[in-house]
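Beneath this line is the structure, given in structure tokens, with notes to follow.
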Amino acid sequence: MYKYSEFDDAFLAQRNAQFRAQVERRISGALTEDEFKPLRLMNGLYLQLHAYMLRVAIPYGTLSSAQMRQLALLAEKWDKGYGHFTTRQNIQYNWPKLRDVPDMLDALAEVGMHAIQTSGNTIRNVTADHFAGAAQDEIADPRPYAELIRQWSTDHPEFQFLGRKFKIAVTGAPHDRAVIKAHDIGLQVVEQDGERGFRVLVGGGLGRTPMIGKVIRDFLPENDILPYLEAILHVYNLLGRRDNKYKARIKILVHETGIDEIRDRVEAKFVEIRPEFSGSDMDVLAEIQDYFAPPAFTDKPLDAYQEAYDSDPVFRAWVDTNIAPHKAEGYGIVTISIKAHGETPGDATADQMRLMADLAEAYGHDELRISHEQNVILPHVHKADLPAIHAALKEARLATANLGLISDIIACPGMDYCALATARSIPIAQEIATRFDELKLEHEIGELKLKISGCINACGHHHVGHIGILGLDRAGVENYQITLGGDATEDAAVGTRTGPGFSAEDIVPAIERLVRAYLEVRDSPGETFLQTYKRLGMDPFKTALYEEEAKADAA
Amino acid sequence: MARAPRPFTPKVVTANDLLEGDVVYLTEDDQWTRRLSEAEIITDEAHAQLRLLHGERQPEVVVGVYLADVSQGDNGPEPTHFREDFRRTGPSNYPHGKQEVSAHV
Ligand code: HEM
Ligand code: SF4
């Protein structure tokens, strides 16, 4: 597997020693909080509601078993025995003590990990399809490109003080699992006349002003990727607003200036700077691609697998729901749901992390992925090994067959942890999952993406949920707004508000009415919630949400 | 139209402990307590500013000092907003934070 070399060991050691000294100086009073805050943020350390929080980068969501075991060690030794995997393919520790953080960073460095640059107005951790290198529909593994971009952007002098943080996502497949249309720049690997290149999108984002990215270039030859990105960033740096933090993202610039003018300026700059790129960047890419070479796939008999599939309905349900097609014959992509009904979406205990690491080592070419949907993936598993994996996962409450279903909820930390929150999101997710598990309806409901954010920053991606829930503070009371029709795939769309929000007590029954209305009006069991919404619009759902409620009140 | 001066709502001085990150409150005798019930209730605006300043002058002990609204309850100050209620209790998905501490006492 690729050995991530963003920073070499010496650099990480030096950086960690520096932070250790800064922590000491903060504790002694030599540094004020105003002086210390930017330093700790640069090192991934936030202050939340009840404690500090350390955010650790997992570049393109890829981990080895040794790294996963180290994450487990951190959880056990310096936290409360668990970690929280986020939609940004990070892991967050919710309870570190200030004095321990330098030790945590040293422990991370032992396995080549760090918390650097996960904050600030820089180019953030580049994200990629969590099925990269494995998906059947993939044209090329997107991670070498993500890595190339990361190497180029890290410490690039021009891009350390952008107007705002900047997020790039890359997919190598036509089916978008990386939400590229909700990123500042989205890249999709495409082929045209036998040549490889990218479709380039710009100006997507969620947050308080959600926007779907627009195509700035339909086909960009592979060789031109860095000069073209540099041209986009240059135009953004020049024109982007710095007067207002809420208007500083490139999505606002694209929206206010228009994609055509932005394109003209980017193309002009691109022509100008392209000669500065000698092609050595493509040599680097080739080197990176060697590192990302696929594992040696093998051939094994599938009889035992087939027998388990035919005879064990629990195993079959898990395979049908959580295993995706792999490009290699006989293989599958295993998504381990860390969303057992009633648990906190994205949380895994140290024991669970170790078990997943063991499984990756024994059966998965030593590779794990973290998806933006807050699940853990074993990307390369031979189907012959699935019965053993399933049995081990069951023991650890990790075998929930709910991928893509209503209980596979994305939820941000919300007011249970986050200092910016306006309402809680975790308990709402827990209650919805528990309720639909009681009803035993979720497999009948089928694909339904429910996403919850605890404030307008939209860390829980609610805008692109088929059902989105946004928690707000209405006159000192938690209030939950519903949006419908959002979509995070290649058909990305921002959801539409249904109307007034619901209280914490009423939101789960409201979601149930909504889903029951869908079951009633869908034209066949094959029509998904989103398809039904697109066919019929808001009306039947509004009726279910508001008129039935009014009736119930009058009764 | 002249607006009537808004009556001052009672306050406590609160912050996070520098080392632990835990929520703390200022007491009448200048200690930082982990329990809201032990915090000093401030009912006068000028006094509130003084107490806030007193808290802010201890950057080697606490971080993020501010005044939070409370009401007078039977057992000392009670939060008036749910955010402060979570801060004095801990998260709702695990019995962690202050709930953990009080469970042991
Ligand atoms: C708990 C501490 C967190 C804080 C203080 C925080 C803060 C923020 C803020 C202020 C923004 C808006 C930025 C902007 O619009 O320019 C944002 C965006 C975002 N956050 Fe967080 N966040 C936190 C946790 C998380 C977690 C746990 C996740 C993943 C589950 C996450 C994922 C995201 C994503 C995907 C966006 C992008 C929205 C966009 O495209 O504009 N954040 N965050
Ligand atoms: S959406 Fe708001 S509440 Fe949720 S993690 Fe982001 S900033 Fe915090």
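Coordinate-derived values only; no laboratory data. Note that the structure is predicted; figures quoted are calculated from it, not measured. Heads up, the Cβs are rebuilt from the backbone with ideal geometry, glycines too, and the neighbour counts pull from every protein chain shown.
Taking every residue in B:80-92 and counting other chain Cβ atoms within 10 Å of its Cβ, the average works out to 5. Ordered by the count of other Cβ atoms within 10 Å of each Cβ, fewest first, A:Ser371, A:Ser453, A:Ser524, A:Ser407 give A:Ser524, A:Ser371, A:Ser407, A:Ser453.
Note that the range A:525-533 has calculated 3J(HN,Hα) couplings of x, x, 7, 6, 3, 5, 5, 4, 4 Hz, one per residue in order, obtained from phi through the Karplus relation 6.51 cos²θ - 1.76 cosθ + 1.60 (θ = phi - 60°); glycine and proline are x. Each listed q (0.13, 0.16, 0.20 Å⁻¹) maps to a log10 I(q)/I(0) for the range A:343-495, found by the Debye formula over equal Cα scatterers with no solvent: -0.66, -0.94, -1.24.
For chain A, DSSP calls about 80 percent of its internal beta bridges antiparallel.
Sparse packing (at most 13 other Cβ atoms within 10 Å of the Cβ) combined with a DSSP loop state is found for the following trypsin sites (Lys or Arg not before Pro) in the range A:162-259: A:Arg208, A:Arg242. The relative contact order of the range A:142-291, computed from alpha carbon pairs under 8 Å that lie at least 6 residues apart in sequence, is 21 percent.
Taken residue by residue and averaged, Cβ atoms of other chains lying within 10 Å of the Cβ of A:24-33 number 3.
The shape of the range A:6-109 can be summarised by an equivalent ellipsoid whose semi-axes, obtained from the alpha carbon gyration tensor, come to 22, 16, 12 Å from longest to shortest. Enclosing the Cα atoms of the range A:426-555 in their convex hull gives a volume equal to 111 cubic angstrom per residue.
A Förster radius of 45 Å combined with the Cβ-Cβ distance from A:Glu329 to B:Ser92 puts the calculated FRET efficiency at roughly 0.45. Put in line by how crowded their Cβ is, counting other Cβ atoms within 10 Å and starting with the fewest, A:Asp9, A:Asp347 read A:Asp9, A:Asp347.
Each residue of the range A:282-291 is assigned a 3J(HN,Hα), and the resulting list reads 6, 5, 4, 4, 4, 4, 4, 4, 4, 5 Hz, derived from the Karplus form 6.51 cos²θ - 1.76 cosθ + 1.60 (θ = phi - 60°), x at Gly and Pro. The distance between label points at A:Val271 and B:Thr43 comes to 7.6 nm (points 7 Å beyond Cα on the Cα→Cβ vector). With the simple spin-label model, which puts each label point 7 Å out from Cα in the Cβ direction, the A:Ala21 to A:Leu536 separation comes to 6.6 nm.
Applying a 4.7 Å Cβ-Cβ cutoff to the protein assembly as shown leaves A:Cys418, A:Cys455 as cysteine residues with no disulfide-compatible partner. Taking amide H as placed 1.01 Å from N in the peptide plane, the amide H of A:Val381 sits under 5 Å from that of A:Gly332, A:Val334, each at least 5 places away or on another chain. What the Cα convex hull of chain A gives, in volume per residue, is 163 Å³. Residue order for A:Thr171, A:Thr298, A:Thr122, fewest other beta carbons within 10 angstrom first, comes to A:Thr298, A:Thr122, A:Thr171. Pairs of Cα atoms in the range A:317-357 fall into 10 Å distance bins, from 0 up to the last occupied one, in shares of 25, 42, 28, 5 percent.
For the range A:464-528, GluC sites (Glu not before Pro) meeting the loop criterion (DSSP other than H, G, I, E, B) and having at most 11 other Cβ atoms within 10 Å: A:Glu505.
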